[in-house]
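*Asks:* Here you go, one structure.
Just so it is clear, none of the values below were taken in a lab; they were calculated from the coordinates. Just so it is clear, the structure is predicted and the values come from calculations on it, not from any experiment.
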Amino acid sequence: MPQKIRADVLAQFSKTETYTQDDIDDEDASHCKSPPTDPSPRVLLISLRAGGVGLNLTAASNVFMMDPWWSFATEAQAIDRVHRMGQLRDVSVTRFVVKDSIEVRMLRVQERKMNIAGSLGLRVGGDGNEDEKKKERIEELKLLFE
């Protein structure tokens with residue numbers, strides 16, 4: 001299901017009397033460098049790719065990842081739009097993943113890419129100790145034989 005349709009479906013569930021809502025999708029992002037300044041919107045639905053295109057979303061403090069992207073960098077960039085200089089509150093990131101779905105495999109691909117980036121000396125988190133490296137090699141072998 002394309003992200004725009006998924007966001008539209010999610011929008012139907014999030015509209016309540018308590019919350020007002022704004023939407024930014026891939027098409028809007030190119031000409032919208034900052035969200036509306038009106039403090040009343042409490043829910044901002046934004047496509048993952050639009051969330052990684054130069055927006056400053058420090059008014060937010062909760063990020064809900066509704067579906068994974070094949071690239072961990074794309075997700076990290078979108079999250080960084082909320083968690084950046086000027087953010088005065090703690091940022092919470094919640095990831096929703098459907099058990100036994102393609103999403104689980106996509107997360108494995110992300111993990112492999114992070115490991116590759118880490119082996120090249122790029123900062124991707126974790127301390128890269130020997131136990132973790134051994135576990136990573138075992139996981140890579142398991143992926144080959146699935």
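*Asks:* For segment 66-72, in order, what is each residue's ³J(HN,Hα) by Karplus, 6.51 cos²θ - 1.76 cosθ + 1.60 with θ = phi - 60°, in whole Hz (x at glycine and Pro)?
*Replies:* Taking θ as phi minus 60°, the curve returns 8, 8, x, 10, 5, 10, 4 Hz for segment 66-72.
*Asks:* Give the long-range amide H neighbours of ARG95: residues separated by 5 or more places, or on another chain, with amide H under 5 Å away, using H modelled in the peptide plane at 1.01 Å from N.
*Replies:* For ARG95, the qualifying residues are MET65.
*Asks:* Using the Karplus curve 6.51 cos²θ - 1.76 cosθ + 1.60 with θ = phi - 60°, what ³J(HN,Hα) values do you get for each residue of segment 135-146, in whole Hz, with x for Gly and Pro?
*Replies:* Whole-Hz 3J(HN,Hα) from phi for segment 135-146: 4, 4, 4, 5, 4, 4, 5, 4, 4, 5, 9, 6.
*Asks:* Can you tell me the length gained on complete extension of the stretch ASN56 to VAL93, counting 0.36 nm per residue apart and subtracting the Cα distance?
*Replies:* On the way: separation 37, 0.36 × 37 = 13.32 nm, distance 1.64 nm.
Here the answer is 11.7 nm.
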